[in-house]
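First comes the structure, then the notes that go with it.
The values are calculated or read from the model by the stated rules, or taken from the named source; none is laboratory data. From a predicted model like this one, the values you see are computed outputs, not experimental measurements. So basically every Cβ, Gly included, is an ideal-geometry build from the backbone, and we count neighbours across all protein chains shown.
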Amino acid sequence: MRCNKIKWAAAVVLAAALFAGCEKAPQTYHSEPGQAQETVFFTFTVDDAEQVDEFAGYEPVAGNQLVRVDVTEQGTFHRELTMYAYDFQLHFGDGEYANPLMGLEDDSLMPAEFPLQKGDEMQYSLLFEVPEEYDEFSLIYLEQFSDGSSGDLFSVDFAI
C-alpha cells in the first residue's frame, strides 16, 4: 500500500511540474487602428481616432484637447459579461494616462457599464481629455480576472 501512495504522490508532483510549464506568461500585443485585438473576453478594433474641439457641448479646459476614439467590440466569451468604459485607458507621454470622460449626454459614447453577449457587436466612442502638446497615443486594455490577477495587455498605437 505504501508503494501505491509513493507512486500516486510522484504522479501528482510530475503532473504539477508539467502543467506549471504550460502556464502562459502575460504578453503585450501592439496593433494599429483597423487591426482587431483578440482578448480572452472579446475582440476589439479601434476604427478611428481624432482630435475634436468639442463633444456633446463639452469643451476642454485651456491647455487640453479632446481625443475621440471609435471602438468596435464583439463578444467572444461563452456568457454575458459586464463591460466598463473604464476598461480602456489612453496612454501618452512618459507614462501618463487618461480615463474616458463620463456623464456626457451622447448615445455614441461608450456607457460606463453595459452587457456584452457572445456574438454581440457594439460600436461606441470613447472621449479623453489630455494635454494639448501630445499627438501620439495608445489605447490600452488589460485583461483582469475575477481572482484579482491580470492577463495580457493590448495596445493600439496611433497619432492624431
**Request:** Go through (1) assigned to a loop (DSSP other than H, G, I, E, B); (2) within 18 Å of the chain's Cα centre (by Cα) and name the single condition Asp47 misses.
**Result:** (1)
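Identify the residue in the range 82-100 that is of a type in the set (Asp, Glu) and over 24 Å from Val40 (Cα atoms) and, among all such residues, is modelled with the highest pLDDT.
In the first step, residues of the range 82-100 are kept if they are of a type in the set (Asp, Glu); the result is 87, 94, 96.
Still in the list and also over 24 Å from Val40 (Cα atoms): 94, 96.
Values: Asp94: 94, Glu96: 97.
Filtering first and then ranking leaves Glu96.
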**Restricting the range 99-116 to residues that are buried (at least 18 other Cβ atoms within 10 Å of the Cβ), within 15 Å of the chain's Cα centre (by Cα) and of a type in the set (A, V, I, L, M, F, W, C), the residue that is farthest from Glu32 (Cα to Cα)** = Leu116
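Would a scan of the range 129-137 turn up a residue that is surrounded by 12 or more Cβ atoms within 10 Å (Cβ to Cβ), closer than 20 Å to Gln74 by Cα and within 15 Å of the chain's Cα centre (by Cα)?
In the first step, residues of the range 129-137 are kept if they are surrounded by 12 or more Cβ atoms within 10 Å (Cβ to Cβ); the result is 129-132, 134-135, 137.
Narrowing the set further to residues that are closer than 20 Å to Gln74 by Cα leaves none.
The answer is no, given that none of the residues of the range 129-137 is surrounded by 12 or more Cβ atoms within 10 Å (Cβ to Cβ), closer than 20 Å to Gln74 by Cα and within 15 Å of the chain's Cα centre (by Cα).
Answer with yes or no whether Gly63 is without any contact (Cβ under 8 Å) to a residue 24 or more places away in the chain, on the phi > 0 side of the Ramachandran plot and surrounded by fewer than 19 Cβ atoms within 10 Å (Cβ to Cβ).
For Gly63, the condition - without any contact (Cβ under 8 Å) to a residue 24 or more places away in the chain, on the phi > 0 side of the Ramachandran plot and surrounded by fewer than 19 Cβ atoms within 10 Å (Cβ to Cβ) - is not met.
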